[in-house]
Amino acid sequence: MAKVYQSALFITLMLFFVQCKKDTDALDLLGLGKGEFTIAGKKFTGLCTGSPSSSLSNDADDVMISTDDGDFFTIYNLSTANKGTFNFSDFFTSSSTATSAVFALDNSSISIDNKTSGTVTKTGAKSFTFSGVVYDEVNKNQYTITGSGTYK
């Protein structure tokens, strides 16, 4: 029980001491992954996490870049290969084992419909870049989205 309290105290102290630094610096100090994406000229940065894919595929990860504001970009069934370029399509219209993506901005005027598509390039076993398009159903606009991430 004492170890749990010591761990909690350590994490609390780490967060206290790094809160003056930029978010990405804090993520580095805590040994967490980081990612970024840009859409409509606005750059979003935050935590990048990966976990074994929720589909039946054993050779894939589900990866999410999420910001403190609740914005996120998630790639499902991302290959665990060290390199390669893979197409992704919209999460809501693809099969459960296909590489797909879903995107949401909670604090933006962009309303995303289910027309996300693009490519993701693995730059290492746990790193990637991506580019694609998303569609704003309300305003009838299409936006380019680009980004990258490294996850643990």
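The values are calculated or read from the model by the stated rules, or taken from the named source; none is laboratory data. Computed from a predicted structure; not experimentally measured. Note that each Cβ is placed from the backbone with ideal geometry, even for glycine, and that neighbours are counted across all protein chains shown.
Across region 120-152, what is the number of residues that are part of a loop (DSSP other than H, G, I, E, B) and crowded, with 17+ Cβ neighbours inside 10 Å? Don't jump to the end; show me each part of the working.
Start the filter on region 120-152 by keeping residues that are part of a loop (DSSP other than H, G, I, E, B), which leaves 125-126, 137-140, 151-152.
Next, from what is left, pick out any that are crowded, with 17+ Cβ neighbours inside 10 Å: 126, 151.
So the answer is 2.
Test Asp90 against the criterion of being modelled with pLDDT under 90 and either crowded, with 21+ Cβ neighbours inside 10 Å or among the charged types (D, E, K, R) (or both), and give yes or no. Even if it seems obvious, please write down each step before you answer.
Details: modelled with pLDDT under 90: yes; either crowded, with 21+ Cβ neighbours inside 10 Å or among the charged types (D, E, K, R) (or both): yes.
When the stated conditions are applied, Asp90 passes them.
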